[in-house]
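Notes to accompany the following structure.
The values are calculated or read from the model by the stated rules, or taken from the named source; none is laboratory data. Fair warning: this is a prediction, and the values are worked out from it, not measured in the lab. Quick reminder, even Gly has a Cβ in these numbers, built from the backbone with ideal geometry, and neighbours come from all protein chains shown. Calculation scope for accessible area: heavy atoms of the full protein, side chains included, ligands and nucleic acids excluded. Shrake-Rupley method; radii C 1.70, N 1.55, O 1.52, S 1.80 Å.
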Amino acid sequence: MNNNLYQYLLQLGDNALILGQRLCEWTGVAPELEIDLALSNIGLDLLGQANQWYEYAAELKGGDATPDTIAFLRDAHEYRNVQLVELPNGNFADTILRAVIFDTFNLLLHEALTQSSDQRIGAIAARAVKEIGYHARYCKNWTLRLGGGTEESHQKAQKALNDIWDYAFEALTPGPVDHWAKEAGIGPDLEQVKSKWEATLQQVFHQASLQIPKPGFVDRKAKSEGIHTEHLGYILAEMQFLQRAYPNLQW
Amino acid sequence: MKDWPLWEVFIRSKNGLHHKHAGSLHAADAQMAIENARDVYTRRNEGNSIWVVKSTDIVASDPEDGDMLFEAAKSKIYRHPTFYQLPDEVNNM
């Protein structure tokens, strides 16, 4: 098995799965019925994407591996998502600011992946990029509304951005697997993605009257070494409970 | 968010058909209304075009006037084009 490719697929799938799980936590408690449905829709898009990445990863791994075993039977240190997507939802502004930062990156990444030298990755990305394009637009529009809305919404959006900004850069900082993917023509040069990402976000935050904070601690190693925040364990505990308590349960 | 206006949503299910009223929703502005309509009313592949209009912009007939407006048409069956022989080539009329 090509372990680099496997790890690369986990990075893609785990980001989608964990953010999807987080967004689905809004089901039933979002500020408006319409937002409830929108966030759940986005979450379900992401779960669908995760499933496709995991199908490919499971084929590579062979044996008894399936998308379900990859999602439900790995422990936190084996997950390769970035720390950003596992952070708690917080208030609505926290969720939206996390989403606009991640989705802007995710859209640029998937646009580049449609050109991947790996045709399977290119095909999955081509399908996902339409969904992610909508996610990015939805979160951008909400960022503009919150930033330019009332004094309270502006303050909450600015605080959300301040709180989360340190986590923004992990996805854009190449790890060993990203270097491998770039050399193999499978994934993009993250430095190039980063400059487009920064330009896009600068424009959005400027339009939303939000100040970009100075990044503090940015040396995060969740996607490259599985060093996560404490939050991921709680997500997995809830998400994996049934498969752990009743192995091979189906419904 | 309680003061968000109500919007009426019209969805066209296929090219060539017309937009049909799908329901209503709350949104702060037209852009949000389109996004919300997409998420609320097209998540099961119901459409390929959305119209939204503020509910307050719709002018409706008065139910009290129902008899006056509509009763007269009920007895005029000759206004339906059912008395013609249609050629077979005409499928939909």
Taking only Cα atoms of the protein assembly as shown, what ratio of Rg to Rh do you get with Rh as the Kirkwood inverse-distance radius? 1.09
Note, A:Lys156: beta-carbon cut-off 14 Å, +1 each Lys/Arg, -1 each Asp/Glu, net -1
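Taking the Cβ of B:Ser13 as the centre, find all other residues whose Cβ is under 12 Å away and add up their charges (Lys, Arg: +1; Asp, Glu: -1). Before the final figure, lay out each step's value.
Working: positive: B:Arg12, B:Lys14, B:Lys20, B:Arg44; negative: B:Glu46.
Around B:Ser13, the charge tally is +3.
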Which residue fluctuates the most in chain A, going by a Gaussian network model with Cα springs under 10 Å, if the choices are A:Asp219, A:Asp166, A:Asp103? A:Asp219
Which aspartates and glutamates have a Cα less than 16 Å from the Cα of B:Lys20, not counting those fewer than 8 places away in the same chain? B:Glu8, B:Glu46
Report, to the nearest whole %, how much of the accessible area of the protein assembly as shown belongs to carbon and sulfur atoms, 1.4 Å probe, protein only. 52 percent
Length gained if A:Asn2 through A:Asn248 is fully extended, taking 0.36 nm per residue and subtracting the Cα-Cα distance, is 85.8 nm
Crossing angle, helix A:92-113 versus chain A [Cα axis fit, 0-90 degrees, rounded to tens]: 50 degrees
Which whole-number percent is the relative contact order of region A:3-245 (Cα, under 8 Å, 6+ apart)? 26 percent
Going by alpha carbons, how many degrees (0 to 90, nearest 10) lie between the helix axis of A:231-245 and the longest principal axis of chain A? 40 degrees
Working from Cα positions, state the angle (0 to 90°, nearest 10) between the long axis of helix A:3-24 and the longest principal axis of chain A. 50 degrees
Can you figure out the FRET efficiency of A:Arg137 with A:Lys182, using R₀ = 41 Å and their beta-carbon distance, to the nearest 0.05? 0.90
For A:Lys194, which lysines qualify as cross-link partners when the Cα separation must be under 25 Å and same-chain residues fewer than eight apart are set aside? A:Lys130, A:Lys140, A:Lys159, A:Lys182, A:Lys214, A:Lys221, A:Lys223
Taking the dipole of the protein assembly as shown about the Cα centre (Lys, Arg +1; Asp, Glu -1; charges at Cβ), the one of A:Gly13, A:Trp180, A:Asn106 that reaches farthest to the positive side is A:Trp180
Per residue, in Å², the accessible surface of chain A once ligands and nucleic acids are set aside, probe 1.4 Å: 45 Å²
Pairwise label distance in nanometres, A:Glu191 with B:Glu71, each label 7 Å out on the Cα-Cβ vector: 8.4 nm
About its Cα centre, what dipole magnitude does region A:97-251 give when the only charges are +1 on Lys and Arg Cβ and -1 on Asp and Glu Cβ, stated in debye to the nearest 20? 360 debye
Which value in nm describes the separation of the simple spin-label points at A:Glu151 and A:Ser117, placed 7 Å from the Cα toward the beta carbon? 5.8 nm
Calculate the FRET efficiency for A:Met239 and B:Glu64 from the Cβ-Cβ distance with a Förster distance of 56 Å, rounded to the nearest 0.05. 0.50
So for R0 = 22 Å, FRET eff. of A:Lys159-A:Thr27 from the Cβ-Cβ r, to 0.05, ends up at 0.35
Place a point 7 Å from the Cα of A:His206 along the Cα-to-Cβ direction; which residues of region A:134-159 have their backbone N under 17 Å from it? A:144, A:148
Heavy-atom accessible surface, probe 1.4 Å, ligands and DNA/RNA ignored: which residues of region B:38-52 lose at least 10 Å² versus the isolated chain? B:Arg38, B:Asp39, B:Val40, B:Arg43
With a 1.4 Å probe, what is the total accessible area buried between chains A and B, in Å² rounded to the nearest 100? 1400 Å²
